[in-house]
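The block underneath contains the structure these notes are about, expressed in C-alpha cells.
The values are calculated or read from the model by the stated rules, or taken from the named source; none is laboratory data. None of the values given here were measured: they were computed from a predicted structure. Here Cβ is always computed from backbone atoms with ideal geometry, including for glycine, and neighbour counts include all displayed protein chains.
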Amino acid sequence: MDIRRNLDRRADDRPYHTIGDYKAWRLGVADQFPADLIWICTTGGNAAYRHRILPLGEPSIAIKRRLRSDGSIADASLVICGPHSKPCWHQSGLNEEIIAVRLKPEFAAQTLNIEPAAFQNQAQTLTAAPMRKKFTTTEAALANASPQALARALLDDITRIAQGGDMREHGEHFTARRLRATNGTTPIRDIAASLSISERQLRRRFRNAVGCSPKDYARRLRVANAAILADAEANPLWAFIAAETGFHDQAHMIADFKALSGLTPRTLHRERRGDGS
C-alpha cells in the first residue's frame, strides 16, 4: 500500500476537543495509517498544574519541551506516552509544551515497534538510539520549530516509517477499528463470527497486539468518549451522554467511570472544567 499517496494528513482547522490548555485535532487518514490524532498541551509561566489522565487505550509519541522566560527552548525530549488503564495524574511544569501524535494501538507495535503493553500507565523518554534514528525529521526540529511544525515533523517521520513497515491488516486490526467506530458496543462474538475465527482466538490476538482485552479497550473508549462529550457542556445531560457513547444506562456509565478514573462522571466533569477538585 502506498501510504503517501492514500494518506490525507491534514487536520481540521478547528480542534475537535479543547479543555484548558489541551487541544486535539483529528487526522484525515486511511484506515491503515498508524495514527489518528494530533494533540498539543501547553502551560504558561504563571503556575504548574496537574490533571487527571483519561483511561485511554492508545499510546502517543510526544515531544516534551520546556521554554525559558524569553520563549527559547531550554530542553526537549522525545517521549512515549502509554495507554492508561487506571486513575493517573500528569504533573505539568512551568512553560511546558507537549506536542503529540496519538497512535492506533493495533498498528503501534507492528509498524513502529512500540508495544502498548510495555508503556502501560507511564511515560518514557525515548533514549534507544535505533528508535531515535527513525525520527530524524523530528529530532532536527526539536530545538526551534513551532508546535505546529513539530506535529508535522512527527507525522512525516511516522509516514516514512509506516511506508517501509508492515501494514498488513489482521482480525485484531479490524476489531479495534470496529470498536472505535461503535463506542465499543459491537459484541466480540459478532466480530469473531464475521472473521470466521473463535472468540478465544480473537481475544488472544487482540491482547497481543493492543495490550489489553477487547472488553477492556471497549470500556476505555466509552469512558473517554463520554468525558470528552461532557467537556463541552457546563451542565451535561448525563442520560443522553450515556446513550450516545454506548452505555446500557447511567448506572453502567457510573460504574465504568469509577473503575477507570476513580470518580463519578459528574465529579470528573467538574474537575476537568476547573469547577471543583
- Task: Kindly check whether there is at least one residue in region 198-209 that is under 26 Å from residue 51 (Cβ atoms) and not charged (D, E, K, R).
- Result: no
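I'd like to check something: does region 223-233 contain any residue that is more than 20 Å from residue 271 (Cα to Cα), surrounded by fewer than 21 Cβ atoms within 10 Å (Cβ to Cβ) and not assigned by TED's automatic domain parsing to the domain that holds residue 51? Please lay out each step first, then the result.
Residues of region 223-233 that are more than 20 Å from residue 271 (Cα to Cα), as a first pass: none.
No, because not a single residue in region 223-233 is more than 20 Å from residue 271 (Cα to Cα), surrounded by fewer than 21 Cβ atoms within 10 Å (Cβ to Cβ) and not assigned by TED's automatic domain parsing to the domain that holds residue 51.
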- Members of region 239-257 that are in contact with a Lys or Arg (Cβ under 7 Å, 6 or more places away or on another chain) and free of Cβ contacts under 8 Å to residues at least 60 places away in the same chain: 247, 256
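The rows are residues; the columns are (1) in contact with a Ser or Thr (Cβ under 7 Å, 6 or more places away or on another chain); (2) under 25 Å from residue 261 (Cα atoms); (3) among the basic types (Lys, Arg).
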site	(1), (2), (3)
79	yes, yes, no
83	no, yes, no
99	no, yes, no
129	no, no, no
- Message: One residue is enough: does region 27-39 have a residue meeting the conditions more than 23 Å from residue 164 (Cβ to Cβ), at pLDDT below 90, buried (at least 18 other Cβ atoms within 10 Å of the Cβ) and assigned by TED's automatic domain parsing to the domain that holds residue 103?
- Response: no
- Task: Within region 128-158, count every residue that is within 13 Å of residue 61 (Cα to Cα), modelled with pLDDT of 90 or more and of a type outside the set (Asp, Glu).
- Result: 9
- Query: Which one of these does residue 54 not meet: (1) under 13 Å from the mean Cα position of the chain (by Cα); (2) modelled with pLDDT under 90; (3) surrounded by fewer than 18 Cβ atoms within 10 Å (Cβ to Cβ)?
  - Reply: (3)
- Considering only residues of region 40-51 that are assigned to a strand (DSSP E or B) and buried (at least 17 other Cβ atoms within 10 Å of the Cβ), which is modelled with the lowest pLDDT? 51
- Item | Residue list for region 79-100, restricted to those being under 14 Å from residue 223 (Cα atoms) and either basic (Lys, Arg) or surrounded by fewer than 19 Cβ atoms within 10 Å (Cβ to Cβ) (or both) | 86, 87
- The residue that is farthest from residue 156 (Cα to Cα), considering only those in region 88-120 that are in contact with a Pro (Cβ under 8 Å, 6 or more places away or on another chain) and in a loop (DSSP other than H, G, I, E, B), is 120
